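Novice: Please read through the structure below; I'll follow up with questions.
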Amino acid sequence: MKKLLLIIGLLTLSYVSMAQLPGKIDSLEVLLPEKTGVERSEILMQLSGLYQSSNPQKSLEYDLENVEIQKNLGSIKNLSGTLNNIGISYYLMGDYGKSMDYFEQSLILREQLNDTLNIVKTLNNLGVIAQTSGDFTKALEYLNRSLIFKLDLNDTLSIAKTLNNIGVIYKDVNNFDDAGKFLNQALDFYQAVNNFSGIAAAYNNLGQVFEALKLSDSALVYYQKSLEIKRQINDERGIGNTLNNLGMIQLSKGLDKAAETYFMECVNIRKRIGDNFGLASTLNNLGNLYFGRKNYSKAEAMFFESNDIATHENLLGIQQRNYAGLSRLYEQTGKMNMAFTYYKKYAEARDSVFDMDLKNQIADLKVKYESEKSKRENEMLRQENEIKDLKISNGQKERMQFITGIISLFFASVLIVLFLQYWNNRKLNAQLQLHNRQLEVRVKERTRELEEANATKDRFFSIIAHDLKGPFNGLLGFADLLFNDFEMLSEQKKKEFSGFIKESASDIYKLLENLLEWASSQTGRIQLSPEKLDVAEIISETIKANQLMLHNKRIEISKQINTSHLALADEDTIKVVIRNLLTNAIKFTPKGGRINFTVEDFPHETAGRKIIIKLKDTGVGIKNSDIRNLFNLKEKFKSPGTEKESGTGLGLILCKDFIEKNGGELFVESEPGVGSTFSFTLPAA
């Protein structure tokens, strides 16, 4: 399974619809015998591509023949591609030594051609082989070389992927400091291009680093971030992987109920998508969980179910884990014969895994030995031929060889020193370029934050200086008249002035409420707690709270609920949103107007199910040119209501901020003289 994932992730294969394969292969193989030269080479390339994923041995045979043809034709570019394909075929057949040899031959030709894009692909392939073979030093060398080219190409996404792969290698060799550095760099690049699958992968890998460091709380945070994004993009395989990781973290913390929840959801997903390797592993984890609870019957069932899959898929490592679990289980329940039987199976599986690793190592050594032996034999034969052809006296030849050797050694030493200096300079330049790019990203981000902070500060002082000062002037003026001329004023005037004071106090209170909530939002002090919400109930409560205003303006209000789904959002912030939208609608709807609430399922395709809440009024409407400024802090846009009600324009900015923090979007449709519709979405529970 690991091998398959590496192929999908890094190696470039040719894919053709399986339904088309037999007919196309047959027609090409009929044409092949009568073709020579360039035409034969082209047919061989097509046949190799068609066979590669289904029958790599057959693909290899066609490519090996094509190598000789392309050498005779002098077609270096095509030859480099054929050598690369041979490397892929040997990889698929499990012969990593020959695979690496052909990839290196391909790389030499591609470097001669200065074919940057294909150089990067071959370096990636070499990195995969080295990593699969456990040669992590070699893997890092190839990936670092690949990174230098990608930096020159300014390919942000490819840079992110390579940084992530380097981080994973450092994680696998327990160099967690460097793993964290490279994975965080990968995360920055993924975020720069909004590549959500990459962001999720980087979070997951960082979680594994913290888990290995026994920092379970930090690991939990990164796994949950990864899971949230994977759910949004519906990456079911990724969701399964992260759920399994979360289950292991909770199990290590002794929270077996939470672990069971994660494992069970993971099992359902992996069964649905046919991820048998992952499924067998998670079932084994459940077996260990139930064993820890002393629920031996469930533990036994999980171990057996996991082992059935592992046996069918020849997953020796997971078989080994299941046999060990069953041996412990039967020992704990007093079934010593069964315990001994499964311990023997565990030992046999362990030995099989060891033998397989040993055979692979021996095969790799054999390949290296045969290659070196062949090189030595060729070199000896060449030297013998030179001796026969040149017929130089022994004394002269020895002196010539000695002088030539000294000169060659001198130039070789100079070249090595120059190459090392050149290579170190390239590595240093690559690191400096990477560092500079990171600084540029951070400087731009910081500049944007400072601009927003300045705009926020300016807007805040503007509101304090004007919008808050205005209502206070009215309040103090009418209070002063009442205090100084109370005896001389008629009862009607006293009542009128009291009404003005009450209205000013109410405006000030609403303004202060919005100011405090906005300030809390901008300084990050608001902590959202998403929960299942009945939006219809919140709408009813808000209508009831504003009944007096609706009555005074004789506005007819209604609501239609066309969904059975609840929202998943923070209750306090959503109450603020609905309150502000309704008071705005009342403010700009004339006497005798209508306001209507609608709640229904959001019909458009999104990452996850959503509902949409619409508030439609028959108010004065908004011009298109003004809609753009409704949510812009830098533009001061406000207008009085139909009864000269005051406002700051801050309420809608607050609404947009709270809706986005809850994972939704705000939409505005309006026509002057007809009315406005404010709509916003929320995740459905």
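Novice: Given the C-alpha centroids of region 230-286 and region 298-332, what is the distance between them in whole angstrom?
Specialist: If we compute the Cα centre of each part, the gap is 17 Å.
Novice: Give me the three principal axis extents of region 546-624 from the C-alpha atoms, as integers in angstrom, largest value leading.
Specialist: 41, 29, 23
Novice: Using θ = phi - 60° and the Karplus relation 6.51 cos²θ - 1.76 cosθ + 1.60, list the HN-Hα couplings for region 96-105 in order, rounded to whole Hz, with x at every Gly or Pro.
Specialist: Result, rounded to whole Hz: 5, x, 5, 4, 5, 4, 6, 4, 5, 4.
Novice: Mind ranking Asp570, Asp217 by accessible surface for me, highest first, 1.4 Å probe? Mind showing how you got there, number by number?
Specialist: Working: Asp570 10, Asp217 95 Å².
The ordering from most to least exposed comes out as Asp217, Asp570.
Novice: State which entries of Lys161/Lys656; Lys532/Lys587; Lys171/Lys257; Lys138/Lys161 exceed 25 angstrom in Cα-Cα distance in the structure shown. List each step's numbers first, then the result.
Specialist: Working: Lys161/Lys656 34 Å; Lys532/Lys587 30 Å; Lys171/Lys257 29 Å; Lys138/Lys161 18 Å.
Checking Cα-Cα distances, Lys161/Lys656; Lys532/Lys587; Lys171/Lys257 exceed 25 Å.
Novice: Phe182: accessible area at probe 1.4 Å, nearest 10 Å²?
Specialist: 50 Å²
Novice: Ok, one more. ³J(HN,Hα) across region 247-264 via Karplus (A = 6.51, B = -1.76, C = 1.60, θ = phi - 60°), whole Hz, x for Gly/Pro?
Specialist: x, 5, 5, 5, 5, 5, 8, x, 9, 6, 5, 5, 4, 4, 4, 5, 4, 5
Novice: Could I ask something else about it? With a 1.4 Å probe and every protein chain kept in, tell me what percent of the accessible surface of region 268-311 is carbon plus sulfur.
Specialist: Details: 940 of 1860 Å².
Exposed carbon and sulfur together represent 51 percent of the surface.
Novice: Ignoring ligands, DNA and RNA, what percent of the 1.4 Å accessible area of region 168-235 is carbon and sulfur?
Specialist: Numbers: 1490 of 3250 Å².
Ligands and nucleic acids excluded, carbon and sulfur reach 46 percent.
Novice: Ile611's amide H: which non-local residues (gap 5+, or another chain) put their own amide H closer than 5 Å, with H modeled 1.01 Å from N in plane and none for Pro or chain starts?
Specialist: Residues meeting the criterion, in which the H sits 1.01 Å from N, are Phe602, Leu682, Ala684.
Novice: While we're on this one: Where only protein heavy atoms count, and the probe is 1.4 Å, what is the accessible area per residue for region 45-191 in Å²? Before the final figure, lay out each step's value.
Specialist: Working: 5800 Å² over 147 residues.
Result: 39 Å² of accessible area for each residue.
Novice: Taking all protein chains in place and a 1.4 Å probe, what share, in percent, of the accessible surface of region 98-164 do carbon and sulfur account for? Write down the numbers at each step before the final one.
Specialist: On the way: 1200 of 2620 Å².
That fraction is 46 percent.
Novice: Let me check something: with ligands and nucleic acids excluded, how do Asp617, Asp601 order by accessible area (1.4 Å probe), largest to smallest?
Specialist: Details: Asp617 15, Asp601 65 Å².
From most exposed to least exposed: Asp601, Asp617.
Novice: So, one more: Give the long-range amide H neighbours of Gly593: residues separated by 5 or more places, or on another chain, with amide H under 5 Å away, using H modelled in the peptide plane at 1.01 Å from N.
Specialist: Long-range HN contacts for Gly593: Glu556.
Novice: A further question follows. Given a Förster distance of 56 Å, report the FRET efficiency between Arg350 and Glu34 from their Cβ-Cβ distance, rounded to the nearest 0.05.
Specialist: For R0 = 56 Å, the calculated efficiency reads 0.50.
Novice: Still on this structure, I have one more. What distance in nm separates the two pseudo spin-label positions at Glu671 and Ile108, each 7 Å out from Cα along the beta-carbon direction?
Specialist: Modelled inter-label distance: 7.5 nm.
Novice: Given the pairs Lys544/Lys591; Lys575/Lys616; Lys502/Lys614, which are separated by over 24 angstrom at their Cα positions?
Specialist: On the way: Lys544/Lys591 18 Å; Lys575/Lys616 18 Å; Lys502/Lys614 31 Å.
Over 24 Å apart, Cα to Cα: Lys502/Lys614.
The values are calculated or read from the model by the stated rules, or taken from the named source; none is laboratory data. Computed from a predicted structure; not experimentally measured. Please note: Cβ atoms are built from the backbone with ideal geometry, for glycine as well, and neighbour counts cover all protein chains shown. These accessible areas exclude ligands, DNA and RNA; they are computed on the full protein's heavy atoms, side chains included. Shrake-Rupley method; radii C 1.70, N 1.55, O 1.52, S 1.80 Å.
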